[in-house]
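Undergrad: This is the structure, below, for whatever I ask next.
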Amino acid sequence: MILRFAAPLTLVALALPASAQQAAPTAAAAPTPAEKNAYINAELPADQAAMKAHVMFLASDQLRGRDAGSPEYDIAAQYVASQFYAAGLRPAGDEGSYLQRVPLLSFKPADKGSFTLTPKGKGAAPIALEFGKDYLPTADPTQAETQVSGQVVFVGYGITAPTLGRDDYRGVDAKGKIVAFFSGAPSSLPGEERAHLGSASTKAVIAKEHGAIGFITIETPAAAKARAFAAGATGYDRVRMTWQRPDGTGFFAAPGTPQLGSISMVAAEKLFAGARTPWAKVAKLAEGENPKYKAEVLPGTLSVTLKTETKPVVSYNVAGIIPGSDPSVGSEVVVLTAHLDHVGVGKADAKGDTIYNGAMDNAVGIASLIEEAKRFKASGKAPRRTVMFLAVTAEEKGLVGADYFARNPTVPKDRLVANVNLDMPIITYKFSDVIVFGAPRSTLGPIVDRAAKGINVTISPDPMPDEGLFVRSDHYRFVQQGIPSVFLWPGTAGPGKAAVEKFLATNYHQPSDEIVQDPAIDWESGVRFIDVNYAIAREIADADQRPVWNKGDFFGTLFGGPGAK
């Protein structure tokens, strides 16, 4: 799962729960090999053991963190395909197989590029901005070399959202110009809308709609206090990933309006020299709550040259289906998703471990996906609608595999009617509530309510609204295609808050996210997680009507979903 943390998480020390069936090691010391093996090999009821078995394989050291495009990821994909076959699913990938080939493209800056500012005025000498001090370049996956030159327009946060009363472009013409804005979005906006509007991808689309030829982000005062701008120079050339178009170029949501890079507050002062609004005033506003900026065309011209290095990478989504039985709605498809990839091998932890196993994130989700497929088959009753089980690649690279499928599905696109996403359920405790992302925006809401009541849990509000989790997992790529979607997490009531905080603080994207963790994975809770998601998927599949968005919903309206207008 992709997360960002607005503030440090509290580290809560918890001992592993004792169990008559699971002799888990305590938190006081690292488990001995004998203790670890006793936990791994402990007997469990069949449904719990089946779930655990998938995680034991997928999160093993031998799969080296299942990095998208790696040989180990390919092994994991073949494992899931074999499990789909064993569960009786029909292949729904390419050419009669369970695998959908996903042509990925890794990309990074090939060099430091150049940023040159030419002040307004006849005969003004160009000023070469300094790498690391004034600017940090990005890469453009759509072309090997990017050259852009034009006036710069400051547009605050770079957001246009009429239904929320927001237009940061008001009063300026950005056509043929470079737009500059602060990252993020105002805290006054609703959390999920804020996360969507604050993303660089969304802002790129908005900039393109206004005719901009590129965009740059400006360092905020808060960012400058938290981390020196120059520190970013050490990782400016990190590899990023997208999917590859048939012509070999990388997919970007706003082709022709590339992200050019970021500039420091020092460079911003140079950019604003001679502007109607002094940089000092803009920077002062940026320090306050929900600042309101006035869009302005800045003096001078900015010229940017970037070079991008790319490398094709092949990975796979894994897809299997249970065909629908109803003559009228059987061709409609309910898609259940879970991401199969994790982050691979990286920096060693304090114990020297370099393998980021990804047990909770997201081997548990994949295990849930496989076991839900078995539930459908074991019921003896074929669903009215077709149900697809989809394990996607490159979620950790930016929801790339899900985006590729949602835009290039292996079934007719207009037949996709709902998505139920399974991502990183934290199941180290007996959850008594669930958090539901997305369902209240559509007719999925009552379905989820009934499923929660079916396992005797309540529904709680999002405890981390600033994280905008609704737009940070694979279901969001279906939302962007107008498809009603839901993503459910065990809640934070009772022991949940401490358990979630501990996992996020100590195990999330760390080598310690493995089959033996502190606290121990509670497989009974894992089965209950499967129960509630199966109930949701089953009711969607068997309902008389397909899900539709609530009238006027922000996302439904924005992406043209059924029922929203």
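The values are calculated or read from the model by the stated rules, or taken from the named source; none is laboratory data. No experiment lies behind these values; they were computed from the predicted model shown. Methodologically, a virtual Cβ is constructed for each residue, glycine included, from the backbone with ideal geometry; neighbour enumeration extends over all protein chains shown.
Undergrad: How many residues does the range 437-482 contain that are surrounded by fewer than 24 Cβ atoms within 10 Å (Cβ to Cβ) and among the β-branched types (V, I, T)?
TA: Matching residues across the range 437-482 total 6.
Undergrad: Restricting attention to the range 492-514, which residues are in contact with a Lys or Arg (Cβ under 8 Å, 6 or more places away or on another chain) and crowded, with 19+ Cβ neighbours inside 10 Å?
TA: P511
Undergrad: Something else about it: Against the definition (within 18 Å of L99 (Cα to Cα), touching a residue at least 60 places away in the same chain (Cβ under 8 Å), part of a helix (DSSP H, G or I) and among the hydrophobic types (A, V, I, L, M, F, W, C)), how does A406 come out, yes or no?
TA: Here the answer is yes, as A406 does meet what is asked.
Undergrad: Also, I was wondering about something else. With the requirement that a residue be assigned to a loop (DSSP other than H, G, I, E, B) and in contact (Cβ under 8 Å) with a residue 60 or more places away in the chain, what does the range 146-172 give you?
TA: Once the filter is applied, which keeps residues that are assigned to a loop (DSSP other than H, G, I, E, B) and in contact (Cβ under 8 Å) with a residue 60 or more places away in the chain, the range 146-172 yields Q151, V155, G156, Y157, D168, Y169, R170, G171, V172.
Undergrad: If I filter the range 108-125 down to residues being farther than 21 Å from A200 by Cβ and at pLDDT 95 or above, which single residue comes out as surrounded by the most Cβ atoms within 10 Å (Cβ to Cβ)?
TA: L117
Undergrad: Take K377 and decide whether it is in the same structural domain as R477 (by TED's automatic domain parsing), more than 20 Å from F405 (Cα to Cα) and either at pLDDT 95 or above or outside any loop (DSSP other than H, G, I, E, B) (or both).
TA: Yes, satisfied.
Undergrad: Residues in the range 533-553: is at least one assigned to a helix (DSSP H, G or I), out of contact with any strand residue (DSSP E or B) (no Cβ under 6 Å at 6 or more places or on another chain) and among the aromatic types (F, W, Y)?
TA: Within the range 533-553, one or more residues are assigned to a helix (DSSP H, G or I), out of contact with any strand residue (DSSP E or B) (no Cβ under 6 Å at 6 or more places or on another chain) and among the aromatic types (F, W, Y).
Undergrad: Has the range 295-306 got any residue that is in contact (Cβ under 8 Å) with a residue 24 or more places away in the chain, assigned to a loop (DSSP other than H, G, I, E, B), more than 30 Å from D94 (Cα to Cα) and touching a helix residue (DSSP H, G or I) at 6+ places or on another chain (Cβ under 8 Å)?
TA: Within the range 295-306, one or more residues are in contact (Cβ under 8 Å) with a residue 24 or more places away in the chain, assigned to a loop (DSSP other than H, G, I, E, B), more than 30 Å from D94 (Cα to Cα) and touching a helix residue (DSSP H, G or I) at 6+ places or on another chain (Cβ under 8 Å).
Undergrad: Select the helices (runs of 4 or more DSSP H) contained entirely in the range 29-145, then report the ones holding at least 2 residues which are under 30 Å from G324 (Cα atoms) and either among the aliphatic types (A, V, I, L, M) or outside the structural domain of K351 (by TED's automatic domain parsing) (or both).
TA: Once the helices (runs of 4 or more DSSP H) in the range 29-145 are filtered for at least 2 residues that are under 30 Å from G324 (Cα atoms) and either among the aliphatic types (A, V, I, L, M) or outside the structural domain of K351 (by TED's automatic domain parsing) (or both), what remains is 46-58, 71-86.
Undergrad: How many of the residues making up the range 477-499 are under 30 Å from A406 (Cα atoms) and either assigned to a helix (DSSP H, G or I) or not assigned by TED's automatic domain parsing to the domain that holds Y534 (or both)?
TA: Residues in the range 477-499 being under 30 Å from A406 (Cα atoms) and either assigned to a helix (DSSP H, G or I) or not assigned by TED's automatic domain parsing to the domain that holds Y534 (or both): 3 in total.
Undergrad: For the range 421-477, what are the residues that are out of contact with any helix residue (DSSP H, G or I) (no Cβ under 6 Å at 6 or more places or on another chain) and at positive phi?
TA: Of everything in the range 421-477, just one residue is out of contact with any helix residue (DSSP H, G or I) (no Cβ under 6 Å at 6 or more places or on another chain) and at positive phi, namely N456.
Undergrad: Let me ask something additional. Which condition number in (1) in contact with an Asp or Glu (Cβ under 6 Å, 6 or more places away or on another chain); (2) within 29 Å of K52 (Cβ to Cβ); (3) in contact (Cβ under 8 Å) with a residue 60 or more places away in the chain is the one that S460 fails?
TA: S460 satisfies all of (1) in contact with an Asp or Glu (Cβ under 6 Å, 6 or more places away or on another chain); (2) within 29 Å of K52 (Cβ to Cβ); (3) in contact (Cβ under 8 Å) with a residue 60 or more places away in the chain except (3).
Undergrad: Only one of these conditions is not met by A34: (1) at pLDDT 95 or above; (2) farther than 24 Å from P495 by Cβ. Which number is it?
TA: (1)
Undergrad: Might you check whether a residue that is of a type in the set (A, V, I, L, M, F, W, C), part of a loop (DSSP other than H, G, I, E, B) and assigned by TED's automatic domain parsing to the domain that holds G365 occurs anywhere in the range 455-462?
TA: So far as the range 455-462 goes, yes, one or more of its residues are of a type in the set (A, V, I, L, M, F, W, C), part of a loop (DSSP other than H, G, I, E, B) and assigned by TED's automatic domain parsing to the domain that holds G365.
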